[in-house]
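Structure first, commentary second.
Where a number appears in this text, it was derived from the coordinates with a stated rule and is not lab data. Quantities reported herein were computed from a predicted structural model and do not represent experimental measurements. Virtual Cβ from ideal backbone geometry, glycine too; neighbours counted across all protein chains shown.
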Amino acid sequence: MAEAKKDKKAELKRLFQELDQGADPAAVKEKFKDVLQGVTAVDVALVEQELINEGMSREKIQELCDVHIAVMQEVLEKGAMLAPPGHPVHILMEEHKLMLNFAGELNNVASKVKEAKNFDAIRGVMEQLEHIVKHFKESESHYLREENVLFPYLEKHGVTQPPAIMWMEHDKIREIKKGLYRVVETCQDVPFKEFAQELEASALALVEMLNGHFYKENNILFPTALQVIPEGEWKDIRRQFDEMGYCCFTPDTAVGKVIATETAKSAATAEGAVTFETGSLSPLEVEAIFNNLPLDITFVDKDDRVRYFSQSSERIFPRTKAVIGRTVQQCHPQKSVHVVNQILDDFRSGKRNMAQFWINLKGRLVYIRYFAVHDSKSGYLGCLEVTQDITDIKKIEGEKRLLDS
């Protein structure tokens, strides 16, 4: 049985290579049907991963995906119920359905615009178009949940390349959507005919891209995830989905009941490490992180005593180890102690959670913020002072997307 499975995977890999070499998909279709009888979605994903490990680029694999998905659409079951309501996979698949509906509506709107003669004739249609655009902007939550929650769990279980390919496609979808938004936002700045042509092109590109992408996820990525990710981890994935939030159009029936679970602790936590809800760090790493932040941090505990300060290379106000254990009131001139007490009293009472000031110091603009530190169980823990030189930050304009050479 295992040997037969191995042979099937080898045959599948060979068929992918045939496609890569330019074989006619129609000629390969019948071979695919025979091979896929004994191959799972996980096998398909792992074969893609092997091809990349052997030197084939992700971009090339992504191109092949488009071809072999077209070949396999008669074989794979489209739109099957893979998971029950409330399961992360079910939520994602229901969002897929709705986004495909939005893309279809967009196509219909583009057709109406193409048939019209001017903007006056499509006022109602433009309102519908703006509504569709709003939903596509909201859909970013869908991709972020996949990229920041589902993909890391797949990678944790050895499935690394398929998520990377899907992320590449997410970025392509984002570019298409960005083009759509530009077309709609600048519609009054171009001739009507040009607007209609650009809208039609964006709509067609989005429909085509979403159809192919969602098909791959529904029929390969998600079944793979269900096979390799243990049941207990799906509960944690769902909890993290809830934390990140959903699209305005995500159906309540898909989300279902919120699953309350304890946060999973990493089995790889090193001895002596400080364990947090979102990971673990060694004391050395904690100190290095604080000292490398581009700002100064000082923590004053619930008894108003200085407990810690970071040692930034660009320290603004002097700090010495002699202040550790000293009351914060003793660290300020008498004339400002009443302000310090007011802030701390407000923090304790819950009247405020933050206080901020900014001053000019030696030609630099310094931003000083105080934050109340609370714990859901212990209540008020203390006050965090954050001091930052924002002179250069205020000068930033436009965008910078390239790394300096």
Completion exercise
So the FRET efficiency between residue 21 and residue 174, C-beta based with R0 = 22 Å and rounded to 0.05, is 0.10
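How much FRET efficiency would the formula 1/(1 + (r/R0)^6) give for residue 368 and residue 117, where r is the Cβ-Cβ distance and R0 is 60 Å, rounded to 0.05? Let's see the in-between values first.
Values: r = 60 Å, r/R0 = 1.00.
According to the calculation, E is roughly 0.50.
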Completion exercise
Length gained, residue 377-residue 105, 0.36 nm per residue minus C-alpha separation, equals 93.0 nm
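Take the cross-link list 235/351; 137/351; 114/216; 97/137; 172/400; 193/216 and give me the ones stretching past 28 Å between alpha-carbons. Could the numbers behind the result be given before it?
Values: 235/351 37 Å; 137/351 36 Å; 114/216 31 Å; 97/137 16 Å; 172/400 20 Å; 193/216 35 Å.
Check vs 28 Å cut-off fails for 235/351; 137/351; 114/216; 193/216.
For residue 354 and residue 291, FRET efficiency with R0 = 22 Å and r from the beta-carbon atoms, rounded to 0.05? If you can, show how the numbers build up before the last one.
Numbers: r = 24 Å, r/R0 = 1.08.
It comes out at approximately 0.40.
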Exercise for the section: Arrange 306, 190, 44, 386 by Cβ neighbour counts within 10 Å, fewest through most, would you? Expected result: 190, 386, 306, 44
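Counting other Cβ atoms within 10 Å, which GluC sites (Glu not before Pro) in region 73-152 have at most 13 and lie in a DSSP loop? Let's see the in-between values first.
Details: sites: 74, 77, 94, 95, 105, 115, 127, 130, 138, 140, 146, 147; in loops: 74, 77.
Answer by residue number: 74, 77.
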Fill in the blank from the handout: Non-local residues with an amide H under 5 Å from the amide H of residue 246, with H modelled 1.01 Å from N and Pro and chain starts lacking one, are none
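Within 10 Å of each candidate Cβ there may be at most 12 other Cβ atoms; applying that plus a DSSP loop requirement, which trypsin sites (Lys or Arg not before Pro) in region 291-334 survive?
On the way: sites: 302, 305, 307, 315, 319, 321, 326; in loops: 302, 315, 319, 326.
Passing sites in region 291-334 do not exist.
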Practice task
On each of the three principal axes of the Cα atoms of region 295-395, give max minus min coordinate, whole Å, ordered largest first.
Solution key: 41, 29, 28
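What net charge is computed for the residues neighbouring residue 358, neighbours being all others with C-beta under 13 Å from the C-beta of residue 358, Lys and Arg scored +1, Asp and Glu -1? Write out the running numbers ahead of the final one.
Values: positive: 364, 369, 394; negative: 389.
After counting each charged neighbour, the total is +2.
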